[in-house]
């Protein structure tokens, strides 16, 4: 994907489900939202717009407690979108057995130009079959369980994140921020990604193979 004009920011759809991990969502959300470029009139143009969706619109509880609000259902979410963000969390243990949820998730992924997972979100995508034959990674503490969800996936333990073209997977929790900034660098340029990291006062791990937790 190439960078868009100032009138057409990248659209990112964020998947919510009961028991998602807060930082899996809001780490990447903050990274994308921190991508801004100055305009001649002194304003700043955001390079990403974001919205949330779930099986039904409304309140969705995280595994940590604080809820979020899904603006749309999978069916009513406006598309197409450039990025589909799938978090992990304790709720993935239930969601991997929810055939209706997985069907909607697969359809949402196929509507997106690029799908990005964080932590055990890769287990959800693996259960749809869309990761079959593809390289992917996930949270190391949940590794044994995750790989069982996709026996045809080429799981790679030593990876902070893996960019496999139209599917990008991140390791555990905070790795989602590094992955998101990696996507920013890919779509908008490394200078924009580094500027976003500075806005967050975040030390970006720029090497996707630099995985101290493997």
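Since every read-out is calculated from the coordinates, none of them should be taken as a lab result. Because the structure is a prediction, the values reported are computed rather than measured. Heads up, the Cβs are rebuilt from the backbone with ideal geometry, glycines too, and the neighbour counts pull from every protein chain shown.
Pop a pseudo-label 7 angstrom from the Cα along the beta-carbon direction at both residue 103 and residue 56 and give the gap in nm to one decimal.
Result: 1.7 nm between the two label points.
So, R0 is 41 Å and r is the distance between the beta-carbons of residue 186 and residue 132; what FRET efficiency does that work out to, to 0.05?
It comes out at approximately 0.95.
If contacts are Cα pairs under 8 angstrom and at least 6 residues apart, what is the relative contact order of the stretch 10-199 in percent?
22
Can you tell me the 0 to 90 degree angle between the C-alpha axis of helix 190-199 and the longest principal axis of the chain, rounded to 10?
Its long axis makes an angle of about 90 degrees.
What are the extents of the Cα atoms of the chain along their three principal axes, in Å, largest first?
Projected onto the principal axes, the Cα atoms of the chain cover 52, 38, 32 Å.
Between residue 141 and residue 200, what is the label-point separation in nm under the 7 Å Cα-to-beta-carbon projection?
1.9
With the alpha-carbon atoms as the only input, what is the per residue convex hull volume for the stretch 58-162 in Å³?
Dividing the Cα hull volume of the stretch 58-162 by its residues yields 104 Å³.
Using just the helices of the chain, give the 222 nm mean residue ellipticity in deg cm²/dmol: DSSP H runs with n ≥ 4 each add -39,500 (n - 2.57), and the total is spread over all residues, rounded to 500.
Helix contribution divided over all residues of the chain: -9000 deg cm²/dmol.
Give me the distance in nm between label points sitting 7 Å out from Cα along the Cα-to-Cβ direction at residue 63 and residue 41, one decimal.
In this crude spin-label approximation the distance works out to 4.4 nm.
So if R0 is 25 Å, what FRET efficiency would residue 75 and residue 8 give, r being the distance between their Cβ atoms, rounded to the nearest 0.05?
E(calc), rounded to 0.05, equals 0.50.
Quick check: the distance between the Cα centres of the stretch 19-79 and the stretch 95-125, to the nearest angstrom?
When both Cα centres are located, 16 Å separates them.
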